[in-house]
Ligand code: FAD
Ligand code: NAP
């Protein structure tokens, strides 16, 4: 296998951080993955599109870029089509495949960067939809002994930006492929106000998945920084969940606080709003900053080091804790 030494990871992470991988290789099928894993002795990092991680130092081990392709129909009935996609397929490309074949379920998740293989890692979500709603099964290889495993919906223990792969099985598996259950008769989810407004702007009179996808694409393009222009990894922090009593108390001190009631009675706070209230929106120190339109997104304007962005995230965490008494949790994976 072609293993390279001291490879720059700058083009492999959307923050655009310049660090080196001690060793670097790509694999495009299960056999290659098995071979590389069986020969490796030290630390290992599986890389997708690099859009949900921050490198704070050189990686002292093997970085494996997952490049497994292919989209195939594995099952079909009157209502659903089950599609299996290779972990290296670009997520948005997969969404577009579904739209082109009139298969519903992932249209609200249009234009999320990264690859299929990482979609279950944090149960990607946007505009009121999470992949757990369409997830069927995944195939993964155990890093230690290269054994193959299947995970169904229950096994993945999906939560808000969470799964077993970020918790009890952290760093234990390479995801090889993911199967999703797409609907032939989709139920549209336009509960996010922004989508309805955008559809009106687009003059859409008959709702369809292609129109919802386009609305999401338009909103994202207008609001979120394009990593090709300004380095970022999307939302740096998760929206914290607090109980209703704490929310009511916070509302007395901060009447404008933004929160959404969850099914369990708790409240999900908009972390971006709290960060903005602490004065961080548009802040810049050197090349590290907090985006001018969305305070939840930390950015690398040019040549910031990962440790500078991490230090900024620490300052933000402390200020939110001091002002609101709420502890933010990082969503981005730190290496
Ligand atoms: P990477 O960053 O490469 O990896 C992330 C983690 O998963 C790492 O720990 C890595 O080791 C692990 N991993 C990756 N692939 C595998 C694999 N095959 N097997 C085992 N482990 C693996 N996220 C959302 O949920 N919703 C959004 O709306 C959203 N919007 C975004 C907007 C922007 C502009 C950006 C830059 C990011 C956004 N994100 C969003 C975050 C990110 O795009 C997603 O989390 C995405 O799924 C990450 O995919 P990736 O392939 O880039 O993963
Ligand atoms: P937004 O629409 O301005 O909303 C701000 C926050 O309020 C969001 O984080 C969202 O929570 C919450 N929210 C808004 N409307 C809601 C509703 N009807 N019900 C429940 N919660 C609601 O957010 P945005 O920054 O423009 O992002 C739009 C969507 O894309 C969001 O779903 C966001 O999660 C997703 N996104 C994710 C990332 C990432 O890296 N993870 C990056 C960019 C955008 P939720 O986050 O729980 O949806």
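FYI, it's all coordinate maths here, none of it is from the lab. Quantities reported herein were computed from a predicted structural model and do not represent experimental measurements. Heads up, the Cβs are rebuilt from the backbone with ideal geometry, glycines too, and the neighbour counts pull from every protein chain shown.
Quick one: Cα centre-to-centre distance for the range 140-201 and the range 68-126, in angstrom? Using only Cα atoms to place each centre, the spacing works out to 10 Å.
Normalised by the residues of the range 96-172, what does the relative contact order come to in percent, with Cα pairs under 8 Å and at least six apart? Mind showing how you got there, number by number?
On the way: 91 pairs, mean separation 21.1, N = 77.
27 percent.
On a per residue basis, the convex hull of the C-alpha atoms belonging to the range 209-306 measures out at 128 Å³.
Global dimensions of the range 1-111 from alpha-carbon coordinates: Rg and Dmax equal 16.8, 52 Å.
Counting only DSSP beta bridges whose two residues both lie in the range 23-139, roughly 45 percent are antiparallel.
So for the chain, averaging the separation of alpha carbon pairs under 8 Å that are six or more residues apart and normalising by length, what relative contact order in percent results?
Computed value for the chain: 17 percent relative contact order.
At residue 74 and residue 146, where each label point lies 7 Å from the Cα along Cα→Cβ, what is the point-to-point distance in nanometres? Between residue 74 and residue 146, the label points sit 2.2 nm apart.
Starting from one equal scatterer on each C-alpha and no solvent at all, send me the Debye-based log10 I(q)/I(0) for the chain at q = 0.16 Å⁻¹, two decimals. Evaluating at q = 0.16 Å⁻¹ gives log10 I(q)/I(0) of -1.50.
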